[in-house]
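Peer 1: I have a structure here, written as structure tokens, and I will follow up with some questions on it.
The values are calculated or read from the model by the stated rules, or taken from the named source; none is laboratory data. Note that this is a predicted model, so its numbers are computed, not measured. FYI the Cβ positions are ideal-geometry reconstructions off the backbone, even for glycines, and counts take in every protein chain you see.
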Amino acid sequence: MKKRIITLTSIASLTVWALIGCSKNESGATTLDTAKLQSAFTAAAAVDKAEVEKAINAIKSSDYAAAVTSLKQAASNVKFTPEQQQAVKDLLAQAQAKLGASAGEMVDKAKTAAGAAAGEMADKTKTAAGDAAKKATDDLQKAVGK
């Protein structure tokens, strides 16, 4: 019985980790519009737009955590024009919202997987308990019958 509980707990844990690891956007489509940011930085010096380019690449690969980090660093650049500052702030807000939504989806998937695993574990435990009770009853009947 302990083996079953350990096995089911392991399966539940692996399922949760698999869901977390595989939660990237399957279609590969970029859901955030980077056009405004790109146009604001077309004439900027390479050194000034390095973090912006990192953020754009992170968004294209759906790595919103890295995008937020790069955009926050870019937002601290005092050399940017007001248009550039606004473009960075706008995309930062969108990336943070997307990151929050992605985290919420992962939590929901993990809850669903954990609930399913717990239900399966309860069913198997109930079956095992029923089997043990039947065996005890049979053994008792055999002992009394002798």
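Listed here are the residues, each with its yes/no results for (1) surrounded by fewer than 22 Cβ atoms within 10 Å (Cβ to Cβ); (2) polar (S, T, N, Q); (3) on the phi < 0 side of the Ramachandran plot; (4) under 21 Å from the mean Cα position of the chain (by Cα).
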{"position": "V47", "(1), (2), (3), (4)": "yes, no, yes, no"}
{"position": "Y64", "(1), (2), (3), (4)": "no, no, yes, yes"}
{"position": "S70", "(1), (2), (3), (4)": "no, yes, yes, yes"}
{"position": "L92", "(1), (2), (3), (4)": "yes, no, yes, yes"}
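Peer 1: As an exercise: evaluate S70 against (1) more than 30 Å from I6 (Cβ to Cβ); (2) out of contact with any Asp or Glu (no Cβ under 8 Å at 6 or more places or on another chain); (3) assigned to a helix (DSSP H, G or I); (4) polar (S, T, N, Q) and give the number of the one condition it does not meet.
Peer 2: Tallying (1) more than 30 Å from I6 (Cβ to Cβ); (2) out of contact with any Asp or Glu (no Cβ under 8 Å at 6 or more places or on another chain); (3) assigned to a helix (DSSP H, G or I); (4) polar (S, T, N, Q), S70 fails exactly one: (2).
Peer 1: Also, quick follow-up: Being surrounded by fewer than 17 Cβ atoms within 10 Å (Cβ to Cβ), farther than 30 Å from A128 by Cβ and at pLDDT 90 or above is the requirement here; does T42 meet it?
Peer 2: Against the criterion (surrounded by fewer than 17 Cβ atoms within 10 Å (Cβ to Cβ), farther than 30 Å from A128 by Cβ and at pLDDT 90 or above), T42 does not qualify.
Peer 1: Follow-up. Restricting to region 103-146, give me the number of residues that are within 17 Å of the chain's Cα centre (by Cα), at pLDDT 75 or above and β-branched (V, I, T).
Peer 2: Count: 1.
Conditions tested, residue by residue: (1) closer than 19 Å to A44 by Cα; (2) out of contact with any helix residue (DSSP H, G or I) (no Cβ under 8 Å at 6 or more places or on another chain); (3) among the small types (G, A, S).
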residue	(1), (2), (3)
K60	no, yes, no
A66	no, no, yes
F80	yes, no, no
E83	yes, no, no
A101	no, yes, yes
G119	no, yes, yes
T125	no, no, no
G130	no, yes, yes
V144	no, yes, no
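Peer 1: For the list (1) β-branched (V, I, T); (2) modelled with pLDDT of 90 or more; (3) more than 30 Å from K109 (Cβ to Cβ), I need the number of the one condition that V68 fails.
Peer 2: Here V68 meets the rest and fails (3).
Peer 1: Pairs needed: first member in region 60-83, in contact (Cβ under 8 Å) with a residue 12 or more places away in the chain and more than 16 Å from A50 (Cα to Cα); second member anywhere, of a type outside the set (F, W, Y) and in a helix (DSSP H, G or I); C-beta distance under 7 Å; at least 6 residues apart or different chains.
Peer 2: The qualifying pairs are Y64/A95; Y64/K98; Y64/L99; Y64/S102; A65/L99; E83/A40.
Peer 1: Next up: Condition check: surrounded by 12 or more Cβ atoms within 10 Å (Cβ to Cβ), in a helix (DSSP H, G or I) and of a type in the set (A, V, I, L, M, F, W, C). Does A118 satisfy that?
Peer 2: Criteria met by A118.
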